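One structure below.
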Amino acid sequence: MSGLELDFETALPGGPVVRAQFATASSGVCVLFGPSGAGKTTILRSVAGLARPRRGHVRFAGETWSADGVFLPVQRRRVGLVFQEGALFPHLDARRNAAYGLRGDGHRGRAEAALDRAGLPRGAWGRRPAQLSGGERQRVALARAIAPEPRLLLLDEPLSSLDAPAREGLRGELRRLLRELGLPALLVTHDRHEALALGDAMAVVIDGAVRQAGPIDAVFSRPADADVARAVGVETVVPARVVERLGDGLVAVEAGGCRVIGVDPGGLDGEALLCLRAEEVTLERGQPEASSARNRLACRVTALQPDGALMRVALDAGFPLSALCSRGSCAALELVPGSTIDACFKAPAVHLLPR
Amino acid sequence: MIDVEALTLTVRLAATTSAMLLVLGLPLAAWLAATRSRARVLVEALVALPLVLPPTVLGFYLLALLGPRSAAGRAWEAATGALLPFSFSGLLLASVIASLPFAVQPMAAALSAVDRRLLEAAWTLGDSRLRAFARVALPLAWPGVVSGMVLSFAHTLGEFGVVLMVGGNIPGRTRTISIALYDHVQALEYEAAAATAGLLLAASFTVLALTFALQRRAFSPLAAGPR
């Protein structure tokens, strides 16, 4: 059994062309990730059947949903769609919203089971959307989408309309629910924490095209090109030049006057892009330990910026470099703009892209 | 005093006109609210024409179009044995056209204001377009639909020019209250004229005030209910 097989081109009236070419597994959550306006929602709408691709095909579980001369209407695709701000029916209470897609006997009980599963407190079942909080509304939207037992769940930025505490709380629950349901799901987000927390696989959409698709850790740690690297949050993307092959699959490059050792991806010839994720960089002060595979660069702190519970430290190592560290260690290292510190990272964390 | 025969005829005409505009105007309003067709602006302009045209112009064209010398007029005569002009049916047709913008514009505005994503959500949950319209668009837009019907009712109550051109002034058949008022003034029956005018004013004001009150009640629980 296969999941989604997408290979199509679509465009909104007067909008840019969006191309999608990737496939998903028959289960698990695939994240459509990319900056705002990249075309993620357009792809999702084409899968739902709310937009009709200009050419190409959409297949699910071996069934053709759209192709030349074929277009299965949205009503018959049996997808559950969760909109960005819920799009709940304002004239119906939570229970009737959840029961909307159900027909026949026992639909009330099935709607209540779905609300229960989505974690809406019983006391809120009789309330209308205007009387619910943002988080409660998204739970109702989720319940409404899963109640009719869809074959595929589509979620368009399901948490982006919530404030930070509600978002983080619901994110954990959403992950649990998606695992429990075992439904294949396609989730649109521009938030990489959300992507990492919820996704099994990921497709990166930039400027109207899917630029890379694969297992989520693979995409995050081995971006296919500089745009993908920037989008998934490899904070450091700098030009580098290959200076020496060290054997054991290691290569030394020069970037901003520094010598950096990384893993040779093959096909590297002269110019390269050096990618390094902020999470991989640790900050140390004092005597270096001897370790051949470790990079240790003397840096100057240029800026400190809070990022959730962590602190994002912008560094100048001859090239701009980012590190993430806890607020505690920031204080212990007495980091202030202008102070000097050593940035350490292992060679395998250095991702080199041929250019 | 007040011409009761003319009054009953007018109320019957206004009520039938509103009912017909619900049947004809609602699909038209739904189309205007949903379409991306280029023909939309032309249809909107056509619907709004009775707002700006002198009623006599509209009446003249209807008379020419429906009279015994036109194909449509002859077909109607062959089918029913009666002529459209100077009959209640002709008057009804004229009133429906003259009141079209008063019904269609509020209905279309209310239907356009319904978030399209709500309809899309209903489609993904298995509803056909018609079913989603009935279950989502109409319940959310009904104050606009009621407004359209009330406004067309009130407008037909007071219509004069078209009625005079198409209907003439036949007591019990085409003589409406506004024409009765005109006759009273012509005959220097100022007391009857004042009573008729006062009644029309009071009726129109009451109907409009009721509509606005209804709309407030309909929208407020959705906008900000108690938490």
Residue satisfying condition, being in a helix (DSSP H, G or I) and touching a residue at least 60 places away in the same chain (Cβ under 8 Å), within set B:VAL185, B:VAL145, B:VAL136 = B:VAL145
inquiry  = Going through A:GLY101, A:GLY135 one at a time, which residue ends up being surrounded by fewer than 23 Cβ atoms within 10 Å (Cβ to Cβ), modelled with pLDDT under 95, assigned by TED's automatic domain parsing to the domain that holds A:LEU187 and not hydrophobic (A, V, I, L, M, F, W, C)?
reply    = A:GLY135
message = Checking A:PHE83 against (1) among the aromatic types (Phe, Trp, Tyr); (2) open to solvent by 10 Å² or more (accessible area, probe 1.4 Å); (3) away from chain B (no Cβ under 11 Å), only one condition comes out false. Which one?
response = (3)
query = Is it the case that A:GLY28 is at positive phi, within 18 Å of the chain's Cα centre (by Cα) and not β-branched (Val, Ile, Thr)?
reply = yes
request  = Please work out if A:ASP307 is charged (D, E, K, R), within 30 Å of A:ILE206 (Cβ to Cβ) and modelled with pLDDT of 85 or more.
outcome  = no
request  = Considering each residue of segment B:13-36, count those that are open to solvent by 50 Å² or more (accessible area, probe 1.4 Å) and either on the phi > 0 side of the Ramachandran plot or not hydrophobic (A, V, I, L, M, F, W, C) (or both), and give that number.
outcome  = 2
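Let's see how each residue does on (1) within 14 Å of another protein chain (Cβ to nearest Cβ); (2) not aromatic (Phe, Trp, Tyr):
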{"residue": "B:GLY90", "(1), (2)": "no, yes"}
{"residue": "B:ALA121", "(1), (2)": "yes, yes"}
{"residue": "B:ASP127", "(1), (2)": "yes, yes"}
{"residue": "B:PHE153", "(1), (2)": "no, no"}
ask   = Out of segment B:182-227, which residues are under 30 Å from A:TRP125 (Cα atoms) and either within 14 Å of chain A (Cβ to nearest Cβ) or modelled with pLDDT of 90 or more (or both)?
value = B:ARG217, B:ALA218, B:PHE219, B:SER220, B:PRO221, B:LEU222, B:ALA223, B:ALA224, B:GLY225, B:PRO226, B:ARG227
task = Scan segment A:103-120 and report the pairs whose first residue is closer than 16 Å to A:LEU88 by Cβ and whose second residue is small (Gly, Ala, Ser) and outside any helix (DSSP H, G or I), with Cβ atoms within less than 9 Å and a gap of 6+ or a chain change.
result = A:ALA111/A:ALA99; A:ALA111/A:ALA147; A:ALA114/A:ALA99; A:ALA114/A:ALA147; A:LEU115/A:ALA147
ask   = Any idea which of A:ALA203, A:ALA272, A:ALA213 is over 30 Å from A:LEU4 (Cβ atoms), buried (at least 21 other Cβ atoms within 10 Å of the Cβ) and under 30 Å from the mean Cα position of the chain (by Cα)?
value = A:ALA272
task = Determine if segment B:97-120 includes at least one residue that is touching a strand residue (DSSP E or B) at 6+ places or on another chain (Cβ under 8 Å), under 21 Å from B:ALA141 (Cβ atoms) and not small (Gly, Ala, Ser).
result = yes
request  = Could you figure out which of (1) under 25 Å from A:GLN138 (Cβ atoms); (2) in contact with a strand residue (DSSP E or B) (Cβ under 9 Å, 6 or more places away or on another chain); (3) touching a residue at least 60 places away in the same chain (Cβ under 8 Å); (4) of a type outside the set (Lys, Arg) isn't true of A:GLY86?
outcome  = (2)
remark   = Exception for A:SER36 within (1) free of Cβ contacts under 8 Å to residues at least 12 places away in the same chain; (2) part of a loop (DSSP other than H, G, I, E, B); (3) more than 14 Å from chain B (Cβ to nearest Cβ) falls at (1)
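Matching residues to (1) in contact (Cβ under 8 Å) with a residue 40 or more places away in the chain; (2) among the aromatic types (Phe, Trp, Tyr); (3) open to solvent by less than 50 Å² (accessible area, probe 1.4 Å):
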site: B:LEU62; (1), (2), (3): yes, no, yes
site: B:TRP76; (1), (2), (3): no, yes, no
site: B:SER99; (1), (2), (3): yes, no, yes
site: B:MET107; (1), (2), (3): yes, no, yes
site: B:ASP115; (1), (2), (3): no, no, no
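Each row is one residue, and each column tells you yes or no for (1) in contact (Cβ under 8 Å) with a residue 24 or more places away in the chain; (2) open to solvent by less than 60 Å² (accessible area, probe 1.4 Å); (3) within 21 Å of the chain's Cα centre (by Cα).
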residue: A:ASP307; (1), (2), (3): no, yes, yes
residue: A:ALA314; (1), (2), (3): no, yes, no
residue: A:GLY318; (1), (2), (3): yes, yes, no
residue: A:GLY328; (1), (2), (3): no, yes, no
residue: A:ALA331; (1), (2), (3): no, no, no
residue: A:THR340; (1), (2), (3): yes, no, no
residue: A:PHE345; (1), (2), (3): yes, yes, no
query = Looking at A:THR42, is it of a type in the set (S, T, N, Q) and within 14 Å of chain B (Cβ to nearest Cβ)?
reply = yes
inquiry  = Out of the helices (runs of 4 or more DSSP H) lying entirely within segment A:89-149, which hold 3 or more residues that are under 23 Å from A:GLY182 (Cβ atoms) and more than 12 Å from chain B (Cβ to nearest Cβ)?
reply    = A:107-117, A:134-146
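The values are calculated or read from the model by the stated rules, or taken from the named source; none is laboratory data. Being a predicted model, the structure only gives us computed values, none of them experimental. All Cβ positions, glycine included, derive from the backbone under ideal geometry; neighbour counts span all protein chains shown. Just the protein is used for accessible areas: all its heavy atoms, side chains included, with ligands, DNA and RNA removed. Shrake-Rupley method; radii C 1.70, N 1.55, O 1.52, S 1.80 Å.
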